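Engineer: Before I ask anything, let me first share the structure, which is written out below as structure tokens.
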Amino acid sequence: MSVGPLHLVLLGPPGSGKGTQASRLSQVLGIPAISTGDILRAQLKAASAHGDQLQQYLDRGELAPDALVIEIIRHRLGEPDTERGFILDGFPRTVGQGEALDLMLDGLHRPIDAVVYLAIPAAALMERLVHRHRTDDRPEIARHRIEVYLAQTAPLIEYYRRGQRLVTVDGAGTPDQAYHAIRAGLGLPDEDIGSNDATAIVTERLRLQLLGPEAIRALLAGDRPAAERLTGVTIPPEFGVDADRPFLTVQLSRIGQMPQGQAWMVRLVRLRQSGAVIGSIGFHGPPALLRRAEMGYTIFEPWRRQGYALEAVRALLDWATRQGAPSVFLSIGPTNVASLAIARRLGFYQVGEQMDEVDGRELVFELALANPKG
Ligand code: AMP
């Protein structure tokens with residue numbers, strides 16, 4: 001997915017989790033999180049000319065002068081790493097700063113895309129602040145910082161609401177809940193695409209997502225972009241070519257129309273965390289119906305040797321067992337050490353050999369499944 005530059009402001013009382021959300025968003029979106037609080041503390045360490053005065057504002061939980069922080073931001077937004085966007089954390093903190101920011105960004109033709117307001121009840125705030133351990137988080141100062149927020153910063157909520165840029169998010173839950181609420185509020189797709197796909201098989205690290213007949217047809221027709229549109233994921237160039245083609249053709253010839261009836265078909269092996277497609281796995285036909293249901297799988301480089309194949313094969317064997325399949329077959333080339341190890345580890349027995357048109361000599365393994373139906 002490629003998006004234009006993204007300009008975000010995080011707004012909310014001290015302790016609402018702006019810093020946490022800013023750094024997580026910064027990481028996934030690849031744009032810098034800019035915290036005026038961090039910059040001011042860094043300047044104090046470097047002991048600039050007006051250090052003493054500045055220290056007093058921070059120690060008392062009061063705001064540094066508008067002119068000073070506006071200059072800091074003007075300077076910071078001129079750095080090249082803001083080209084693809086930025087996330088402001090703790091700026092603006094007054095309506096004056098908000099207006100100065102608008103002027104600055106208008107001049108650059110880079111308007112703010114959204115202001116995320118992390119809303120949180122006052123009582124919950126105190127609780128959070130006294131559990132942090134910064135010198136300006138001592139109870140009486142924390143209370144004062146909240147007063148300063150209500151008097152000087154909260155008016156910005158109205159300011160941005162009028163400009164229709166406000167995205168209000170519940171900041172009272174866990175950081176993870178707030179993060180997903182922000183993504184939803186900004187209209188960013190959830191990282192875990194297909195997370196509400198009832199036909200997906202999910203393991204500790206993987207999501208086995210059905211490719212689906214339409215996408216298979218597109219791949220066989222050489223139309224990878226269409227397959228990617230249909231599945232919503234980037235399909236690595238290794239998939240759907242050469243040895244996969246006869247497999248996919250067999251899949252299509254045995255197609256079931258119902259989603260449940262497609263559950264045996266080829267699945268994209270995806271990392272749950274990043275969503276990356278790292279391989280594929282599936283049966284040549286429905287294992288509960290065929291006398292001899294063969295499983296096929298691939299994990300692409302550079303994801304091999306990390307136990308992903310074993311994890312995916314296990315999950316599919318569990319699925320086949322629940323379907324009442326009597327047994328599952330694997331054909332493995334005699335030099336495919338990794339797959340031979342998986343077969344042995346899972347209790348497969350070698351039952352013969354065969355010559356495959358594409359892959360040459362293969363050893364055939366079978367695993368009898370504990371049939372829950374009898
Ligand atoms: P923070 O880390 O965002 O909580 O900021 C810590 C302290 O830095 C605040 O209590 C203020 O004293 C000062 N500060 C940070 N950002 C601003 C700002 N935008 N305007 C004025 N003072 C600020």
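Engineer: Carbon and sulfur atoms: what percent of the 1.4 Å accessible area of the stretch 30-86 do they account for?
Structural biologist: Values: 1710 of 3300 Å².
Solvent-exposed carbon and sulfur of the stretch 30-86 make up 52 percent of the total.
Engineer: Determine the distance separating the Cα centre of the stretch 315-354 from the Cα centre of the stretch 240-294; give it in Å without decimals.
Structural biologist: Cα centroid of the stretch 315-354 versus Cα centroid of the stretch 240-294: 16 Å apart.
Engineer: Loop-only check: which trypsin sites (Lys or Arg not before Pro) in the stretch 277-317 are DSSP coil with at most 10 other Cβ within 10 angstrom?
Structural biologist: Numbers: sites: ARG291, ARG292, ARG304, ARG305, ARG314; in loops: ARG291, ARG292, ARG304, ARG305.
When the trypsin sites (Lys or Arg not before Pro) of the stretch 277-317 are filtered for loop state and at most 10 Cβ neighbours within 10 Å, ARG291, ARG305 remain.
Engineer: Convex hull volume of the Cα atoms in the chain, per residue, in Å³?
Structural biologist: Here the figure is 193 Å³ per residue.
Engineer: Please calculate how many Å² of accessible area the stretch 12-87 carries per residue, with a 1.4 Å probe and no DNA, RNA or ligand atoms counted. Could you put the intermediate results ahead of the total?
Structural biologist: Numbers: 3950 Å² over 76 residues.
Here the per-residue accessible area is 52 Å².
Engineer: Give the dimensionless ratio obtained when the Cα radius of gyration of the stretch 277-372 is divided by 2.2 N^0.38 Å.
Structural biologist: The stretch 277-372 yields a ratio of 1.03.
Engineer: Under a 5 Å amide H to amide H cut-off, with H placed in plane at 1.01 Å, what residues pair with LEU6 once short-range neighbours are removed?
Structural biologist: Close amide H contacts, sequence-distant or interchain: GLY85, PHE86.
Engineer: Can you list the HN-Hα couplings for the stretch 338-347, worked out from phi with the Karplus curve (6.51, -1.76, 1.60; θ = phi - 60°), rounded to whole Hz and with x for Gly and Pro?
Structural biologist: Those phi angles translate into 4, 6, 4, 5, 4, 4, 5, 4, 8, x Hz.
Engineer: Still on this structure, I have one more. Using the Karplus curve 6.51 cos²θ - 1.76 cosθ + 1.60 with θ = phi - 60°, work out ³J(HN,Hα) for each residue of the stretch 223-230 in order, rounded to whole Hz, and write x for Gly and Pro.
Structural biologist: With the stated coefficients, the stretch 223-230 comes to 9, 4, x, 5, 4, 5, 5, 5 Hz.
Engineer: When the Cα atoms of the stretch 1-138 are enclosed in a convex hull and the volume is divided per residue, what value in Å³ results? Spell out each step's value before the answer.
Structural biologist: On the way: hull volume 17.0 nm³, N = 138.
Value for the stretch 1-138: 123 Å³ per residue.
Engineer: Excluding ALA119 itself, what net charge comes from residues whose Cβ is under 15 Å from its Cβ, given Lys and Arg +1 and Asp and Glu -1? Don't skip to the end; give the middle numbers.
Structural biologist: Details: positive: LYS18, ARG128, ARG161; negative: GLU158, ASP170.
Computed value for this residue: +1.
Engineer: Additional query: For the stretch 73-193, max minus min Cα coordinate along each principal axis, in Å, sorted largest first?
Structural biologist: Largest to smallest, the principal-axis extents are 42, 39, 29 Å.
Engineer: Whole number please: convex hull volume per residue of the Cα set in the stretch 85-128, in Å³? Numbers along the way, then the final one.
Structural biologist: Numbers: hull volume 3.6 nm³, N = 44.
Per residue, the Cα convex hull of the stretch 85-128 comes to 82 Å³.
Engineer: Once the Cα gyration tensor of the stretch 252-306 is found, what semi-axes does its equivalent ellipsoid get, as square roots of 5 times the eigenvalues, in whole Å, sorted largest first? Walk me through the numbers on the way to the answer.
Structural biologist: On the way: eigenvalues 123, 36, 12 Å².
Taking √(5λ) for each eigenvalue gives 25, 13, 8 Å, largest first.
Engineer: Using DSSP to define loop residues, name the GluC sites (Glu not before Pro) in the stretch 1-100 whose beta-carbon has at most 12 other beta-carbon atoms within 10 Å. Kindly include the intermediate steps, with their values, before the conclusion.
Structural biologist: On the way: sites: GLU62, GLU71, GLU83, GLU99; in loops: GLU62, GLU83.
When the GluC sites (Glu not before Pro) of the stretch 1-100 are filtered for loop state and at most 12 Cβ neighbours within 10 Å, GLU83 remain.
Engineer: Based on C-alpha coordinates, I'd like the Rg and Dmax of the stretch 108-159, in Å.
Structural biologist: When restricted to the Cα atoms of the stretch 108-159, Rg and Dmax are 14.0, 42 Å.
The values are calculated or read from the model by the stated rules, or taken from the named source; none is laboratory data. Small disclaimer: the values here were computed from a predicted structure and weren't measured. Using ideal geometry, Cβ is built from the backbone for each residue, glycine included, and neighbour counts are taken over all protein chains shown. Keep in mind that these areas ignore ligands, DNA and RNA; they rest on the heavy atoms of the full protein, side chains included. Shrake-Rupley method; radii C 1.70, N 1.55, O 1.52, S 1.80 Å.
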